[in-house]
Structure formats: structure tokens, C-alpha cells
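**Q** The structure's right below; bear with me while I get my questions together.
Derivation of every value follows stated rules applied to the coordinates shown; laboratory data play no part. Worth saying up front: this structure is predicted, and the values here are computed from it rather than measured. Cβ: placed from backbone, ideal geometry, glycine included. Neighbour counts: every protein chain shown.
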Amino acid sequence: MLSVDGGPDENPRYQKVIDVAIHHFLKQNLDALFVATNAPGRSAFNRVERRMAPLSRELSGLILPHEHFGSHLDSQGRTIDEELEKSNFKYAGETLSEEWTQATLDNFPTVAEYIVPEVSELETESLLTKDQDWYKNHVRTSQYFLQIVKCHNENCCQPIRSSYFDIVADRFLPPPIPVCQTTGGLKAPDASESDLHRFPSLFFNQSLKLDNMLPRSAKAFKILPYDLYCPSIQSSLVERICKICHLYVASQVMLKKHVQLHRQRDLGPGQLAHAPPQPQRIRPVQVAAKRHIELMAFIAHREMLSAEWLDEDDVDLSDMLVPEGDINDKSATMPIVTIEEHLASPWEDDRR
């Protein structure tokens, strides 16, 4: 299980995070891989944040010069020598790795290594990938949780290595269902009754007979969505469910790809006219940045906003202001602060 930050580049809904997770799942021959993050406002419980604090402490007073091998910038802060820039960046990365390698967290050593981007196994071209058909059978997504699990088909997945399936017979972890004691026995409250939400353990959850416990509002779902009791996205649940197979996915973008699979495989030429319409483009509240063909969009979920990187083709940009320039544009200027300026006193001498 991986615990990750909830930022737009790291959260379990981001397609590149899912692609890398599938790569690790396949390469390491794992029976199951889970990627989880905390909901916004719960940073105090974020394991990643708590691990970064002692690492940040190791950097106190450390200065990483940007021009160790010579300046790669012109007078306006624009890159004029990409190879020299890479060498300077590598030196800074190796220095950082040396500092962190000396740290000990909870009596465990820290392993830090600078990876040259060109030889990284996580480059898009180097990732082990699968098609949407495999994705449908092995991946389950939700707002804050990603599951990738082997199937029992030996022609598809390698033999099982652990006892995971003895504990979770249905392969995927079930959705968290709160329970409360009533005069009629144990019942699951309605999703809107958040003050009654008390979530039992996984093992208790697996022993429940949900058919007799679920509220009427939940019985409308043929397959319970994992986010059934996630308060921030109640208004989005139905929009994220496939109308053909009733699979729940974590975003409209994923649903669009999933529906395309049905159109290509399950529906004949005569049925395409009756197929469910493609999900509409996502309408964000604001577009904050642009990166290649991706846009960082702020999406509203009730009173909460979430920032996500989305393909430009999946975003409804009508009458919206899109920031000019790419954040990866090397011609963009960056402020240059010399060591002397950094160490200079910010106070002025008022003596006369």
C-alpha cells in the first residue's frame, strides 16, 4: 500500500499516477497494489507530510547553488545552455541525496538517490502498460483510493503469491459502510446523515449482510460505488457510473475512456445509435495553469475545490480564461537570487 500526497500531480485519480502504479504492479508481480491519500483538510494525518518534516529539517541552512558548473542562464533568467542546466541540476540533486541519506526516520535509514530523467524507468516510453479491457477487470478507482488487483485467470495474471484472497475473497476492498444501532437492529444510515456515520473495520464490514441494512437511497445502485458515503462528491456519484456495466470510476475522464471500450467491443453497428452518450466535458471553476496538452483545473465538489491535471480535450473552456504560456516553457524567466543576496540582512540601518 502506498500513501501519497493529495496534490494534483500525486493523487490516485491522476492518470499518470495510475499508469505508474500499474507499471509497478506488473513489474513486481504483486497480488494487489493500493494507493491512498487523505481528504483535503486532513494534512495532519498525511503520512507523506509527516515524513517530509524531518527531511526538511535536514535541509536547514543548506544552499544548493544553481550554477556550480557555470551559469546556464542569461541576464534575464532564461535558459541558454540546456546541457549545462542538466549538469547543474544533477549536482544539486546529488547533493540533496547525500544529505538525506544521512537521515534516520523512526530508526530506519533513509535511501535517497538522484535519478537521471533520461534513464528513469518511469519515463512514459518505459512503462509497462495494459489496455482498457485489462483496466476494467483489474483496476478500481475512487476519489481518494486506487486498487489494482490480480484476477484468477492464469492466462491473464501470474499465480497468486500471498494470502490476500483468503482475506478478501471478492478481490477488491468493499466500500466503507457506516453502521448504527437502531430499534430494528444494525442499519446503515443515509449518506446525508453524516452525524450518524461510524465506520467499522474491514473485517466487520465484510461480515455484514448489506441487503437488509442499506437505506433506500443506496439500493438504487446495482453495484455500490466505493465513494457511496464520501460527503464531498454525493452530487457526482451518478455521473461517474457506467450506464452499461454499472462500474464506478473516479472521474468523468475515466468514464469517457470506459464508455469507448463498450462502444468498440460490446456494441454492434446496429446498437451504437442506442449506446449511452459520451460523458460531457468537465466544466471547471478556474484554469490555473497549462502544461503541454494538460490544464490544471479547479473543480467544485459542493463547497470543496479540488485541483486536477486534465487533458485539454476533456475540459469545457467556453468563456474561460486560460493562462498564457506553458509552465514548462524554458524561455520563461525565473528570478535569480545570488548567495550574497540570500545571506544579506533584510534590515536597514536607521542610524544617522
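**Q** Taking the Cβ of PRO174 as the centre, find all other residues whose Cβ is under 13 Å away and add up their charges (Lys, Arg: +1; Asp, Glu: -1).
**A** +1
**Q** Return the FRET efficiency for the residue pair HIS246, PHE89: r is the Cβ-Cβ distance, R0 is 35 Å, and the value is rounded to the nearest 0.05.
**A** After rounding to 0.05, the efficiency reads 0.15.
**Q** Give, rounded to the nearest 20 debye, the magnitude of the charge dipole that region 1-126 has about its Cα centre when Lys and Arg contribute +1 at Cβ and Asp and Glu contribute -1 at Cβ.
**A** 720 debye
**Q** While we're here: Quick one: length gained pulling GLU113 to GLN28 fully straight, 0.36 nm per residue minus the C-alpha distance?
**A** Extra length from GLU113 to GLN28 when fully extended: 28.6 nm.
**Q** Take the alpha-carbon centre of region 85-118, take the same for region 159-192, and report the distance between them in whole Å.
**A** Comparing the Cα centres of region 85-118 and region 159-192, I get a distance of 41 Å.
**Q** While we're here: Residues with amide H under 5 Å of LEU247's amide H, sequence separation 5 or more or different chain, H placed in the peptide plane at 1.01 Å from N; which?
**A** CYS242
**Q** Neighbouring Cβ atoms within 10 Å as the yardstick, rank SER251, SER60, SER162, SER232 fewest first. The partial results should precede the final answer.
**A** Numbers: SER251 22, SER60 6, SER162 11, SER232 17.
Fewest-to-most Cβ neighbours within 10 Å comes out as SER60, SER162, SER232, SER251.
**Q** Mind sorting MET320, MET254, MET296 by how few other Cβ atoms lie within 10 Å of their own Cβ, fewest first?
**A** Final ranking by Cβ density, sparse to dense: MET320, MET296, MET254.
**Q** Which FRET efficiency value, to the nearest 0.05, do you get for ALA220 and ASP170 by plugging their Cβ-Cβ distance into 1/(1 + (r/R0)^6) with R0 = 22 Å?
**A** Details: r = 21 Å, r/R0 = 0.95.
The calculated FRET efficiency here is 0.55.
**Q** Further, regarding this structure: Mind checking the full-extension length gain between SER235 and ARG51? Use 0.36 nm per residue of separation minus the Cα-Cα distance, one decimal, nm.
**A** Going from the current span to full extension adds 62.8 nm.
**Q** Which value, in debye to the nearest 20, describes the size of the charge dipole of region 122-238 about its Cα centre when Lys and Arg Cβ atoms bear +1, Asp and Glu Cβ atoms bear -1, and nothing else is charged?
**A** My answer is approximately 380 debye.
**Q** What's the extension gain from THR182 to SER162 if we count 0.36 nm per residue and subtract their Cα-Cα distance?
**A** 3.3 nm
**Q** When you count, for each residue, the other Cβ atoms within 10 Å and take the mean per peptide, how do 168-175, 100-107 rank with the highest first?
**A** Those peptides, ordered most packed to least, come out 168-175, 100-107.
**Q** Something else: So what is the relative contact order of the chain, in percent, for Cα pairs below 8 Å that sit 6 or more residues apart?
**A** Relative contact order for the chain comes out at 15 percent.
**Q** Note down the relative contact order for region 64-200 as a percent, whole number, built from C-alpha pairs under 8 angstrom at least six residues apart.
**A** For region 64-200, the relative contact order is 10 percent.
**Q** What helices does the chain have that are whole DSSP H segments, at least 30 Å long along their own axis by Cα, and with mean Kyte-Doolittle hydropathy of -0.5 or more?
**A** Within the chain not a single helix satisfies the rule.
**Q** Among all lysine pairs in region 181-280 that are eight or more places apart or on different chains, how many have alpha carbons less than 17 angstrom apart?
**A** 8
**Q** At a 10 Å Cβ-Cβ cut-off, how would you order TRP347, TRP309, fewest neighbours first?
**A** Lowest to highest Cβ neighbour count: TRP347, TRP309.
**Q** Considering the values (i) 22.1; (ii) 21.1; (iii) 24.2, which represents Kirkwood radius over Cα pairs in Å as calculated for the structure under consideration?
**A** Given (i) 22.1; (ii) 21.1; (iii) 24.2, the structure-derived one carries the label (iii).
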